[in-house]
Amino acid sequence: MIKISPSILSADFARLGAEVRALEAAGADYVHVDVMDGHFVPNITIGAPVVQALRQVTRLPLDVHLMIEQPDRYIPDFAAAGADIITVHQEAVPHLHRTVQLIHGLGKKAGVSLNPATPAATLEIILQQIDLVLVMTVNPGFGGQAFIAETLPKIRQLREMIDRSGRAIELEVDGGVKVDNIASIAAAGADVFVAGSAVFAASDYAQRIAELRQHGQT
Ligand code: DX5
Ligand code: ZN
């Protein structure tokens with residue numbers, strides 16, 4: 001069974017609580033929260049207070065994607081706010097084991113994300129410790145960008161690495177996921193799909209999530 005993690009980056013921020021309730025009613029598996037600092041990526045979005053507010057309106061796991069420098073400074077705030085999965089970028093973290101231990105010490109699931117140009121092999125050394133790998137299929141910073149097809153071999157490679165590890169690590173993809181390409185991404189081995197513009201451009205979120213699920217079921 002695949003999972004759909006709609007990104008609230010494309011939601012109506014003036015009605016964020018209602019949007020997240022609508023996602024839960026529409027059958028989303030996770031809520032993907034894109035945190036950007038204007039340094040690691042060229043955009044600024046939201047922080048821990050928004051996660052705390054969303055924690056009050058949904059029981060869905062909050063899948064928090066930290067696109068920020070020095071994430072160790074903020075991870076305790078996001079954990080206290082009610083994040084369930086905390087994902088940091090390999091490129092932003094100099095001591096990956098230390099950061100993963102920090103997340104686990106706070107009782108949360110730990111994910112590591114790779115930008116499109118970062119090789120899969122950079123995760124070989126941490127695979128035994130983490131719960132999720134997040135493959136960026138666009139350069140992070142904005143919703144609504146086009147899927148970079150050159151990332152497909154890397155998804156296949158990570159699938160093999162995860163299978164070899166013998167651990168139940170989720171393989172999540174983020175960026176440009178649509179109804180018409182989710183099948184090929186699923187065939188490469190991904191099992192959690194972030195979808196921002198694909199979900200929020202639809203007039204019926206439940207129908208769009210069902211379409212994504214149906215096309216992604218291999
Ligand atoms: C990109 C973010 C994504 C993005 C996905 O920097 O990490 O989560 O919002 O949006 P779509 O699905 O529109 O590419
Ligand atoms: Zn994201």
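Here are the numbers for the structure shown:
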quantity: Relative contact order (%) - criterion: Cα under 8 Å, at least six apart; region: the range 31-151; calculated: 21 percent
quantity: Listed residues 57, 20, 199, most fluctuating in the chain (Gaussian network, C-alpha, under 10 Å); calculated: 57
quantity: Cut-off under 5 Å, modelled amide H: who pairs with residue 113 long-range; calculated: 88, 89, 90, 134
quantity: For residue 192, residues with placed amide H under 5 Å, excluding near neighbours; calculated: 3, 171, 172, 173
quantity: Beta bridges per DSSP with both ends in the chain, % antiparallel, nearest 5; calculated: 5 percent
quantity: 161, 67, 36 arranged by Cβ crowding within 10 Å, fewest neighbours leading; calculated: 161, 36, 67
quantity: Sorted peptide list for 185-196, 77-88, 4-15, criterion being average Cβ within 10 angstrom, highest first; calculated: 185-196, 77-88, 4-15
quantity: Taking the chain and dividing mean pair separation by its residue count, relative contact order in percent (alpha carbons under 8 Å, at least six apart); calculated: 21 percent
quantity: The range 3-216: proportion of alpha-carbon pairs further apart than 25 angstrom, %; calculated: 31 percent
quantity: Vicinal HN-Hα couplings computed from phi for the range 114-120 (Karplus, 6.51 cos²θ - 1.76 cosθ + 1.60; Hz; Gly/Pro x); calculated: 10, 5, x, 8, 8, x, 4
quantity: Theoretical ellipticity at 222 nm over the chain - DSSP helices of four or more residues, -39500 (n - 2.57) apiece, nearest 500; calculated: -9000 deg cm²/dmol
quantity: Order by protection proxy (mean Cβ within 10 Å, highest first), peptides 128-134, 201-207; calculated: 128-134, 201-207
quantity: Distance from the range 19-45 to the range 112-170 (C-alpha centre basis), Å; calculated: 19 Å
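Computed from the coordinates by the stated procedures, all read-outs in this text should not be read as laboratory data. Given the structure is predicted, the values throughout are model-derived calculations rather than measurements. Backbone-built Cβ (ideal geometry, glycine too); neighbour counts: all protein chains shown.
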